[in-house]
Amino acid sequence: MKRITLSVMVLASFFLVSSCATTKKASKSSPTTTADSSAAKKPGKNDIQPYNKVITKDAKSDPGLFTIHKVDEDYFYEIPDSLFEREMLMVTRIAKTASGLGFGGGKQDEQVLRWQKKDKRVLLRMVSHSVVANDTLPVHEAVVNSNFEPVIFSFPIKAFGKDSLSTVINVTDLFSKDVKPFGLPDRPRKQYKVTRLDSDLSYIESVRSYPLNIESRHVKTYNASEPPSNAASGAISIELNNSMVLLPEVPMKRRMFDQRVGWFTSAQIDYGLDAHESKRVTYLDRWRLEVKDEDIEKFKRGELVEPKKQIVYYIDRATPQQWRKHIKEGIEDWQVAFEAAGFKNAIIAKDPPTVEEDPDWSPEDARYSVVRYLASPIPNANGPHVSDPRSGEILESDINWYHNVMTLLRNWFFVQTAAINPDAQTVKFKDDIMGRLIRFVSSHEVGHTLGLPHNMASSSAYKVDDLRDPEFTKKYGTAPSIMDYARFNYIAQPGDEGVALMPNIGIYDKYAIEWGYRPILDAETPEDEKKTLDSWILKHAGDPMYRFGRQQSGGVIDPSAQTEDLGDDAMKASSYGIANLKRIIPNLIKWTAEDGKDYSDLGTMYEQVLGQYNRYMGHVTANIGGVYEVYKTYDQEGAVYTPVVKEKQKEALQFLQKELFDTPEWLIDTEIFNKIEFDGTLERIRGMQINTLDNILDFGRMQRMIENETTNGRDAYGLLTMMQDLRKGIFSELSSGKAIDAYRRNLQRGYIDRMNYLMTKDQTPVPSQFRRFVSRTNVDVNQSDIRAIARAELKTLESAIRSGLSRTGDTMSKIHLRDALERIDAILNPLRK
């Protein structure tokens, strides 16, 4: 019975197979059925396919945040489903560039991105954190509706991962097409008149994945009618690096900003606060330094503890061996500041692993902060950082160290200290001297990466003569903050042996790091911290060593917060500085000499002397019409803005008359000139004098003097009085009958030209994108007293010249004065001409 049943089953199977075969055979004769079958065999271009059909066995795969696959010339992202909707920060930097088109490492753009799966596509959206409201509040819905996230690219899903927990997309077009957030920003596009991306000359260099970030490098070539270099090509080629960094799932607790302590910040407009307006909320950019749970009691007792996670800097493998030690020392100099905040070993420097130790180690990995050594002629260094816009947490920082920063250091150290410092009396420093200078710059740049901006008020905290005191300067350095542009001690004079020549991590630096980083353990929210933070500021209120003064751009209004200055009195400090320059000039040939070498170093160092001298003139000029800015809150007494006292403003003008407008003959050295140039002496002196004269007769400065006199009357140095003092000094020969030499004739013509400018020109408008960064007094010149006073001064000068003509017997002086009268008449009576 079993055998019969088995035979029947086999027979049935045979008929079943035959039936299927017959059906298939018949279907071939049916056009409709054939088309349907063919479609099933050949999926459409954008249909989701099996994983192994997309990621073939020849694929080169790179696991990390996403797994990156390269198949032939195409790049695929395999995105874990857990990372959809997570926010990622993308930073676009220049990797390689042509002359005139930025510099390697320069940041071009920054956005927050979100990968989102929608039906059969993956969307890449741009996220904004500039406008917010707490998601528990009704207004949150309005904020979301007015802050819709734009889609910057859409990708068809190519496949799902083997475990169905990831999604595969082809991202080749994201980098090979002209996607603006991933390419050249709008500003250089407009500047160089870029028309389109040349896709045939653009390509992907590499895409690499790391545990927390993805780094893509791609070369973009744009057609441009006005490229900054290689004009014959009619194009711009630039290699860009896009870093996409995963943001923490739980943002760090913020610390709120206070302008009395300088800090780099992030900000949002918050519609959800208990206020009658939307308010800008500003918070610090800082590393996440936290106390380990097991160390909380130690910390509360005042013991130093190591943070949960240290700040670690690696030194680029490309850094020359002899400088690595000094760069590391500059990094770890900040240990003392973090100890003030309660942490030990908070910041350390390391060598990277060798290629043999770790062939995959890369400075582009977001887990590593690196001092990058760049073979570039740029004489500079900078310390940018990448921070979470939601909290201000610094995620990673790379210090860009350009080779020629050593040239800058040599020039500064020579011109500011050679008069008293034998180590600087050469153009080729010993390695230990250059190493100490490198350490100084390393410390300064690391300070930026910790969150500290320039504190330009720091250098004015010390009395000028204290900077000649070895005991004082060894204890306090040359400024309370290394974040000032205090540079080197140009005030010290011969005989001040043992005096410090440069700043170190100072009192202000320790205070600022403590204020920004010391954990306040009993505060649950940023708002809870405010009372404690305020008390730390008020403890040092009024002490100039703890004062912050912002960097001014577009003009100096506050003379106590300038770049490159030292001490509390610009006139006294500059007098010491000029005395040292007068000692350097006679030695320039000897200190730059080397057999078989030309005189290019002599020319360079002479120009450095002139540059330093010009800085002194600027420091002094800022006192005229100057206004001090000292940040305060309602619980502090006194004004925030205070004009410079009348006597100091008058002293500043008298200094400029004596040191600059009376020809500085000590700068005129024929032994130097006959080795570096065939002409230019007259123009050089004229240029320096006119630069300062134009700075004095600046519309904003003049308007501040008018306002000061209007408010404070006789206690102010009024504009008319200043203009009278200036005219009498520049034209002093009119009353004495003394011959007017070529230098003074140039100065006097420059004065008349500037008066013509005051009479005919308006204040140059500041472009809207720079207004928030520019410090200046805005004035409608035609509606102010400026032109009336200028006209009165020209008429007075005209009368004085007519009287002076009879007092001089010098022919060239007479010619000059008659010409001056013609020029003045053309200004006062333009229609007559």
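The values are calculated or read from the model by the stated rules, or taken from the named source; none is laboratory data. Keep in mind the model is a prediction, meaning the values are calculated, not measured. Note: ideal-geometry Cβ built from the backbone for every residue, glycine included; neighbour counts use all protein chains shown.
Observations
- For the stretch 300-318, the candidate set comprises residues that are surrounded by 12 or more Cβ atoms within 10 Å (Cβ to Cβ) and over 17 Å from Ser397 (Cα atoms); within that set, the residue that is modelled with the lowest pLDDT is Ala318.
- Condition met for Lys193 (surrounded by fewer than 16 Cβ atoms within 10 Å (Cβ to Cβ), at pLDDT below 90 and out of contact with any Ser or Thr (no Cβ under 6 Å at 6 or more places or on another chain)): no
- Any hit, the stretch 75-97, residues being modelled with pLDDT under 85 and of a type in the set (A, V, I, L, M): yes
- Of the residues Ala231, Ala224, the single one that is over 28 Å from the mean Cα position of the chain (by Cα) and of a type outside the set (Ser, Thr, Tyr) is Ala231.
- For the stretch 507-554, a tally of residues being of a type in the set (Lys, Arg) and assigned to a helix (DSSP H, G or I) returns 3.
- In summary, Trp666 fulfils each of the numbered conditions (1) farther than 17 Å from Arg744 by Cα; (2) in contact (Cβ under 8 Å) with a residue 60 or more places away in the chain with the single exception of condition (1).
- Scanning the stretch 557-575 for residues being more than 13 Å from Asp484 (Cβ to Cβ) and surrounded by fewer than 23 Cβ atoms within 10 Å (Cβ to Cβ) gives a total of 7.
- Just one of the listed residues (Trp361, Trp323, Trp287) is under 29 Å from the mean Cα position of the chain (by Cα), aromatic (Phe, Trp, Tyr) and more than 30 Å from Ser216 (Cβ to Cβ), namely Trp323.
- Hits in the stretch 788-817 - residues which are closer than 18 Å to Tyr743 by Cα, assigned to a helix (DSSP H, G or I) and touching a Lys or Arg at 6+ places or on another chain (Cβ under 7 Å): His816
- Residue check, Gln783 over 25 Å from Glu659 (Cβ atoms) and surrounded by fewer than 18 Cβ atoms within 10 Å (Cβ to Cβ): yes
- Among the residues here, Leu467 qualifies as farther than 28 Å from Ala341 by Cβ, touching a residue at least 40 places away in the same chain (Cβ under 8 Å), among the aliphatic types (A, V, I, L, M) and in a helix (DSSP H, G or I).
- Contact map, the stretch 431-448: residues that are in contact (Cβ under 8 Å) with a residue 60 or more places away in the chain and within 16 Å of Tyr313 (Cβ to Cβ) paired with residues that are assigned to a helix (DSSP H, G or I) and not aliphatic (A, V, I, L, M), Cβ distance under 6 Å, separation 6+ or inter-chain. Pairs shown: Ile438/Trp323; Ile438/His326; Arg439/His326; Arg439/Glu329; Arg439/Gly330; Ser442/Gly330; Ser443/Gly330.
- Of the strands (runs of 3 or more DSSP E) lying entirely inside the stretch 239-328, those carrying at least 3 residues that are closer than 30 Å to Ser82 by Cβ are 265-270, 311-315.
- Among the residues of the stretch 515-535, those that are surrounded by 18 or more Cβ atoms within 10 Å (Cβ to Cβ) and either hydrophobic (A, V, I, L, M, F, W, C) or under 25 Å from Glu637 (Cα atoms) (or both) comprise Trp515, Gly516, Glu529, Leu533.
- Residue within the stretch 751-768 that is modelled with pLDDT under 95, over 17 Å from Asn695 (Cβ atoms) and in a helix (DSSP H, G or I) present: yes
- Screening the stretch 701-732 for residues that are over 20 Å from Leu794 (Cα atoms) and small (Gly, Ala, Ser) and picking the one that is nearest to the chain's Cα centre (by Cα) gives Ala716.
- Residue in the stretch 420-440 that is of a type in the set (S, T, N, Q), in contact with a Phe, Trp or Tyr (Cβ under 8 Å, 6 or more places away or on another chain), at pLDDT 95 or above and in a helix (DSSP H, G or I) present: no
- The stretch 644-681, subset touching a Gly at 6+ places or on another chain (Cβ under 9 Å) and among the aromatic types (Phe, Trp, Tyr), residue nearest to Val556 (Cα to Cα): Phe661
- Residue within the stretch 454-465 that is surrounded by fewer than 22 Cβ atoms within 10 Å (Cβ to Cβ), hydrophobic (A, V, I, L, M, F, W, C) and outside the structural domain of Leu113 (by TED's automatic domain parsing) present: yes
- The stretch 330-386, subset of a type in the set (Val, Ile, Thr) and assigned to a loop (DSSP other than H, G, I, E, B), residue modelled with the lowest pLDDT: Ile378
- Every test in (1) in a helix (DSSP H, G or I); (2) touching a strand residue (DSSP E or B) at 6+ places or on another chain (Cβ under 7 Å) is passed by Asp398 save one, and that test is (1).
- Inspection of the stretch 577-597 identifies at least one residue that is under 30 Å from the mean Cα position of the chain (by Cα), crowded, with 20+ Cβ neighbours inside 10 Å and touching a residue at least 12 places away in the same chain (Cβ under 8 Å).
- One residue stands out among those in the stretch 196-215 that are touching a helix residue (DSSP H, G or I) at 6+ places or on another chain (Cβ under 8 Å) and not polar (S, T, N, Q): the one that is surrounded by the fewest Cβ atoms within 10 Å (Cβ to Cβ), which is Tyr203.
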